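Written below as structure tokens is the structure these notes are about.
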Amino acid sequence: SQEVRAFARQLLIDHRDMSINLDNFALQRGHLIAWEIEPEMAGTIQRLRTLDGPAFDKAYMDVMVDAHNKSVTTLETQAASGRETASLASASLPIVRHHLEMARDLDARL
């Protein structure tokens with residue numbers, strides 16, 4: 001649906017910006033991030049490729065709610081850690097929380 005496409009477009013923009021920030025943070029400290037899709041997510045992507053229309057929209061949004069829920073929990077823990085990465089997690093947290101809210105709202109309407 002157009003709503004799911006708009007949601008995905010916004011995620012691409014925001015996640016690209018957060019990835020650039022994370023890459024820069026790592027590079028400033030002499031590290032290079034090797035971006036990879038986790039095996040579990042690769043299986044999910046394969047499953048989503050078999051779907052279309054409303055079935056795809058619902059399955060995709062279910063995945064987005066779950067993934068962003070996990071990300072919020074991870075970022076909250078990191079932000080409260082007092083480690084050097086806490087500031088980066090704190091900066092990303094409002095964006096990921098907003099994504100979670102948008103995902104829950106859209107998922108509930110499907």
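For the range 38-48, the criterion of being over 20 Å from Leu106 (Cβ atoms), under 14 Å from the mean Cα position of the chain (by Cα), part of a loop (DSSP other than H, G, I, E, B) and not aliphatic (A, V, I, L, M) is met by at least one residue. Residue-level analysis places Glu84 outside the set of residues that are at pLDDT below 95, open to solvent by 40 Å² or more (accessible area, probe 1.4 Å) and under 27 Å from Ala108 (Cβ atoms).
Only residues that are open to solvent by 80 Å² or more (accessible area, probe 1.4 Å) and either in contact (Cβ under 8 Å) with a residue 60 or more places away in the chain or not basic (Lys, Arg) (or both) were counted across the range 35-66, and they come to 10. Of all residues in the range 92-110, those that are modelled with pLDDT of 95 or more have Cβ atoms under 7 Å from Cβ atoms of residues that are among the polar types (S, T, N, Q) and assigned to a helix (DSSP H, G or I), 6 or more apart or on another chain, in Val96/Ser71; Leu100/Asn69.
The values are calculated or read from the model by the stated rules, or taken from the named source; none is laboratory data. Predicted, not measured: the structure shown is a model, and the values here were computed from it. Cβ atoms come from the backbone with ideal geometry, glycine included; neighbour counts cover every protein chain shown. When the accessible area is computed, the model is the full protein with side chains, heavy atoms only, and any ligands, DNA or RNA have been set aside. Shrake-Rupley method; radii C 1.70, N 1.55, O 1.52, S 1.80 Å.
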